[in-house]
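Student: Right, I'll just put the structure down here and ask away after.
FYI, it's all coordinate maths here, none of it is from the lab. What you see is a predicted model, and the numbers here were worked out from it, not measured in a lab. We place every Cβ from the backbone using ideal geometry, glycine too, and count neighbours over all the protein chains shown.
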Amino acid sequence: MNDCIIGIGSNIEAKYHIQEMLRFLAADVGIVKVSEMVQTKPIGITEQPDYTNGAVRIQTEMEMEELSLYLKNLEDQMGRDRSQKKYGPRNIDLDILIWNDEVVDPDYFTREFLRNSAAELGYELKI
């Protein structure tokens, strides 16, 4: 069984989209815990609504590549518009942050809210 922390972000009807994503996710993986959601300012393109960000800790039998594809498919299923610019608005954004106790997303090191969410879910960076 693999242990994973997934970063969550949304700035289009965030409460609704995050709840729906968690409902879909729970049908396919074991949800261990969901962090508090926090408001953050957009990065890159600042002329857009603030983001709601957090994380979810899951357990899954999927391998990392399979889970990554699953998350992209879930984003698509929920109507994510991939024609937007990289830092543009999005209804849901899901990224694997921690995989079996190892940081796999470099954004973890540059975004305090990701570190805080992971810590809230029990992850402690081992140096």
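Student: Are there any pairs with C-beta distances below 9 angstrom linking a residue in the stretch 1-22 that is farther than 25 Å from Val103 by Cα to a residue that is surrounded by 16 or more Cβ atoms within 10 Å (Cβ to Cβ) and of a type in the set (Phe, Trp, Tyr), with the two at least 6 apart or on different chains, and if so which?
Tutor: Every condition considered, the pairs that remain are Ala14/Tyr51.
Student: Go through the stretch 25-81 and give me each residue that's touching a Lys or Arg at 6+ places or on another chain (Cβ under 9 Å), assigned to a loop (DSSP other than H, G, I, E, B) and over 17 Å from Glu112 (Cα atoms).
Tutor: If the condition is that a residue be touching a Lys or Arg at 6+ places or on another chain (Cβ under 9 Å), assigned to a loop (DSSP other than H, G, I, E, B) and over 17 Å from Glu112 (Cα atoms), then Ile45, Arg80, Asp81 are the ones that fit.
Student: Looking for whichever is farther than 22 Å from Phe109 by Cβ, more than 13 Å from the chain's Cα centre (by Cα) and among the hydrophobic types (A, V, I, L, M, F, W, C) here; the options are Ala27, Ala14. Which one fits? Steps first, please.
Tutor: On the way: Ala14 fails: more than 13 Å from the chain's Cα centre (by Cα).
Just a single option satisfies the conditions, and that option is Ala27.
Student: Across the stretch 82-127, what is the number of residues that are part of a strand (DSSP E or B) and β-branched (Val, Ile, Thr)?
Tutor: To start, the set of residues in the stretch 82-127 that are part of a strand (DSSP E or B) comprises 93-99, 102-103.
Checking the rest, the ones that are also β-branched (Val, Ile, Thr) come to 96, 98, 103.
Summing the residues that are part of a strand (DSSP E or B) and β-branched (Val, Ile, Thr) in the stretch 82-127 gives 3.
Student: Pick from the stretch 1-24 the residues that are assigned to a strand (DSSP E or B) and in contact with a helix residue (DSSP H, G or I) (Cβ under 8 Å, 6 or more places away or on another chain): which of them is surrounded by the fewest Cβ atoms within 10 Å (Cβ to Cβ)?
Tutor: Initially, the stretch 1-24 is screened for residues assigned to a strand (DSSP E or B), giving 2-10.
If we keep only those that are in contact with a helix residue (DSSP H, G or I) (Cβ under 8 Å, 6 or more places away or on another chain) too, we end up with 2, 4-8, 10.
Details: Asn2: 15, Cys4: 22, Ile5: 28, Ile6: 26, Gly7: 23, Ile8: 25, Ser10: 25.
Once the filter is applied, the top-ranked residue is Asn2.
Student: Does Arg90 satisfy the condition of being among the charged types (D, E, K, R), under 17 Å from Ala14 (Cβ atoms), surrounded by 13 or more Cβ atoms within 10 Å (Cβ to Cβ) and in contact with a Phe, Trp or Tyr (Cβ under 9 Å, 6 or more places away or on another chain)? Before the answer, list the steps.
Tutor: On the way: among the charged types (D, E, K, R): yes; under 17 Å from Ala14 (Cβ atoms): yes; surrounded by 13 or more Cβ atoms within 10 Å (Cβ to Cβ): yes; in contact with a Phe, Trp or Tyr (Cβ under 9 Å, 6 or more places away or on another chain): yes.
Yes; evaluated as a whole, the condition is true for this residue.
Student: Kindly indicate the residue of the stretch 29-76 that is in contact (Cβ under 8 Å) with a residue 40 or more places away in the chain, more than 24 Å from Asp3 (Cα to Cα) and not aromatic (Phe, Trp, Tyr) and also surrounded by the fewest Cβ atoms within 10 Å (Cβ to Cβ) among those meeting that condition.
Tutor: Looking at residues that are in contact (Cβ under 8 Å) with a residue 40 or more places away in the chain, more than 24 Å from Asp3 (Cα to Cα) and not aromatic (Phe, Trp, Tyr), I get Gly44.
Student: Quick check on the stretch 92-110: of everything there that is touching a residue at least 60 places away in the same chain (Cβ under 8 Å) and more than 12 Å from the chain's Cα centre (by Cα), which residue is nearest to Val56 (Cα to Cα)?
Tutor: Trp99
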